[in-house]
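The values are calculated or read from the model by the stated rules, or taken from the named source; none is laboratory data. Just so we're clear, the structure is a prediction, and the values are computed from it rather than from any experiment. Please note: Cβ atoms are built from the backbone with ideal geometry, for glycine as well, and neighbour counts cover all protein chains shown.
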Amino acid sequence: MYLNEIPYGRNAYGVQAAAQSYFGKTANTLDLAESAYLAALPQAPTYYNPLGPNRQALDDRKNTILSLMKDQGYITADQMKQAQNEKVDFSPLSNIMVAPHFVLYVENYLANKYGESTLNEGGLKSIPRLIPDSKASRNRWLRTTRTKNKKNTRSATPPWWPLTPKPDKF
């Protein structure tokens with residue numbers, strides 16, 4: 001029952017949902033390395049997110065799990081080495097995120113600040129200040145302004161253009 005209720009990250013609760021989310025397959029078709037990765041996640045799903053900044057820590061944890069499995073007689077030394085050396089491909093995020101790197105950054109920040117359990121069970125409400133379509137809106141406005149300026153002043157450059165600082169001047 002426990003494996004079907006715990007959070008694995010990516011809004012996946014339970015090993016079956018995690019297998020689908022991370023590898024695009026059912027739990028009973030996972031190989032040893034993929035299973036070890038899933039076993040590594042519940043301790044800190046945000047920290048060990050394979051797409052996040054702590055991928056090496058996730059790999060180290062997977063290898064520790066494989067080593068413990070060998071020590072306890074569940075797998076052989078050859079199976080452990082093969083699984084440790086296997087290159088595992090994770091599925092991209094399947095749910096549509098407007099700014100996935102920003103979302104993962106905020107999630108990681110909150111987990112570091114408040115802890116994994118608070119992040120998963122504490123009822124936090126985060127309202128980050130990201131306006132996803134601001135660049136598209138600005139570009140639309142810029143095209144409109146350029147068209148109007150070109151029509152009225154025979155210049156496509158907006159009037160504030162010279163006031164815009166150069167990137168090296170910040």
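The table below lists the values:
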| item | result |
| --- | --- |
| Filter result for the condition that a residue is modelled with pLDDT under 90 and buried (at least 17 other Cβ atoms within 10 Å of the Cβ), over Ala12, Ala83 | Ala12 |
| Asn11, sole failed condition from (1) closer than 17 Å to Asn120 by Cα; (2) in contact with a Pro (Cβ under 8 Å, 6 or more places away or on another chain) | (2) |
| Residue match in region 35-54 (condition: touching a residue at least 40 places away in the same chain (Cβ under 8 Å), surrounded by 13 or more Cβ atoms within 10 Å (Cβ to Cβ) and farther than 29 Å from Ile127 by Cβ) | yes |
| Scope region 1-34; condition under 15 Å from the mean Cα position of the chain (by Cα), in contact (Cβ under 8 Å) with a residue 24 or more places away in the chain and part of a loop (DSSP other than H, G, I, E, B); matching residues | Tyr8, Gly9, Arg10, Asn11 |
| Lone unmet requirement of (1) exposed (fewer than 13 other Cβ atoms within 10 Å of the Cβ); (2) closer than 23 Å to Ala19 by Cβ; (3) modelled with pLDDT under 75 for Pro100 | (1) |
| Cβ-Cβ under 9 Å pairs, at least 6 apart or on other chains, region 61-76 side within 9 Å of Ala40 (Cα to Cα) and assigned by TED's automatic domain parsing to the domain that holds Leu38, far side among the aromatic types (Phe, Trp, Tyr) and part of a helix (DSSP H, G or I) | Arg61/Tyr37; Lys62/Tyr37; Ile65/Tyr37 |
| Matching entry among Asn108, Asn95 (being at pLDDT below 85 and outside any loop (DSSP other than H, G, I, E, B)) | Asn108 |
